[in-house]
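Here is the structure we will look at.
The values are calculated or read from the model by the stated rules, or taken from the named source; none is laboratory data. On a predicted model such as this, the values are computed, not experimentally measured, just so you know. Don't worry about glycine lacking a Cβ; one is built from the backbone with ideal geometry, like all the others, and counts go over all protein chains shown.
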Amino acid sequence: MKKKILALICAIACLFTCSCGERYTGSQVVAEKVKNVILLIGDGMGPNQIKAGEIVKGEPLFLQGIPQMTAVNTSSANNTITDSAAAATAMATGVLTYNSYVGLDPKGNELETIVDVAKRAGKRTGVISTEELTGATPMGFSGHSINRANAKELVQTATETSNVDLFVGYTYASVTYPEMYINAGYEIIGEVDAISESTASKIFGQYDIYAKAPSMSADPTFAAFDRVVMESIEWLSKNENGFFLMAEGAHIDHGGHNNDIDYMLSELYAFDDMVKAVVNWAEQRDDTIVIVTADHETGGLMIHDTATKENFFEKYWWKTTGHSDTDVNFYFYGNTIDFAELSFVDKAHIIKNTDIFTLMKSYIEK
Ligand SMILES: [Zn+2]
């Protein structure tokens, strides 16, 4: 009953807050029994990246309309400015660790990940990235190493000891150790369109995933990010007990590191298209929660108060080519949560990145 009242409040609130453009406009389906947990990470997607996307587009992004929202503090165990390895580890394991550490606590102990938790609960599990699977974010959910650059050790631990059923990433890297996936029982799926129909028990796919970055935009053979994710969801959802999926839009971060606003924006829009496809899918059912967030901000993007769609490109600047300690946004679809219950220190309604693990685990083990 309490849940239904909260849902009603949320639906009414939504009437006032979600009213324009392509922004999410549905009322939130309340997942009474959560089967599927989906975590969508925009790497380097700070609040001003989203704001820039909204200004240039002339209307809010889809993800901005997701009913529940708060902010996330992203600091790591040894730095207010995190890297993607420590940030992914925090979200995947609930433990704060040092920058560069993947799936390990500060003492070097191997940590259980949300993927392991989901597998134990009888779920299928998936890890997707628009960059190589050896990247710090996908490996934070599957591999273990004190150095994010130890690609071979990461893939070895990810394939031998992890519980990931579906690995899908980008093909750019020359060294991705496909033989390790094959030796661990993964079946290589050559075409994106073949993922959903595959009868394999473990899937490994690397594709030219389409994002509108300068070097990629011209090639029509690239697979759209939203299609890659939806093909994967179709396969993952064939499991009776549901699934856990982490999908990362990796190159928003690269746009920030390059201080390249066009690159950042095109990646952001590709990410938003993917979020829209996933939330639309979740909306057709009542058993799925979707979290949309970032691991950290990249570039220290600043936007002048007077920026408009017409003058935006004269009204922004970057403060760094690295990451910043800016809090990132956190959007939550599918249920009603009390952010204050999760929030840390005395900053009400700002959650810690490790809380994301706690939250996902609570739904998986419910
Ligand atoms: Zn970065």
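Before moving on, here are some points about what is shown:
- Check on K119, under 25 Å from G334 (Cα atoms), of a type outside the set (S, T, N, Q), surrounded by fewer than 23 Cβ atoms within 10 Å (Cβ to Cβ) and in contact (Cβ under 8 Å) with a residue 12 or more places away in the chain: yes
- Selected residue [at positive phi, surrounded by 24 or more Cβ atoms within 10 Å (Cβ to Cβ) and more than 15 Å from the chain's Cα centre (by Cα)] from G108, G103, G143, G94: G103
- Looking across the range 62-91, the residues that are surrounded by fewer than 22 Cβ atoms within 10 Å (Cβ to Cβ) and either among the hydrophobic types (A, V, I, L, M, F, W, C) or under 23 Å from V278 (Cβ atoms) (or both) come down to P67, Q68, M69, T70, A71, A77, I81.
- Of everything listed in (1) within 16 Å of the ligand (Cβ to nearest atom); (2) more than 23 Å from D305 (Cβ to Cβ), the single unmet condition for N48 is (2).
- Qualifying positions in the range 278-334 - more than 16 Å from the ligand (Cβ to nearest atom), without any contact (Cβ under 8 Å) to a residue 40 or more places away in the chain and among the basic types (K, R): K315
- For the range 151-165, the set of residues classified as over 13 Å from E112 (Cβ atoms) and part of a loop (DSSP other than H, G, I, E, B) consists of V164, D165, listed by residue number.
- Residue pairs meeting the criteria (Cβ under 7 Å; at least 6 apart or on separate chains; first farther than 21 Å from I291 by Cβ and within 11 Å of the ligand (Cβ to nearest atom), in the range 245-262; second modelled with pLDDT under 95 and aromatic (F, W, Y)): H254/Y263; G255/Y263
- Residue in the range 145-165 that is modelled with pLDDT of 95 or more, farther than 22 Å from N353 by Cα and in contact with a Ser or Thr (Cβ under 6 Å, 6 or more places away or on another chain) present: yes
Residue by residue, here is whether (1) under 22 Å from D327 (Cβ atoms); (2) at pLDDT 95 or above; (3) of a type outside the set (V, I, T) holds:
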{"site": "K238", "(1), (2), (3)": "no, yes, yes"}
{"site": "G242", "(1), (2), (3)": "no, yes, yes"}
{"site": "D253", "(1), (2), (3)": "yes, yes, yes"}
{"site": "S266", "(1), (2), (3)": "no, no, yes"}
{"site": "A270", "(1), (2), (3)": "no, no, yes"}
{"site": "V275", "(1), (2), (3)": "yes, yes, no"}
{"site": "N280", "(1), (2), (3)": "no, yes, yes"}
{"site": "H296", "(1), (2), (3)": "yes, yes, yes"}
{"site": "G300", "(1), (2), (3)": "yes, yes, yes"}
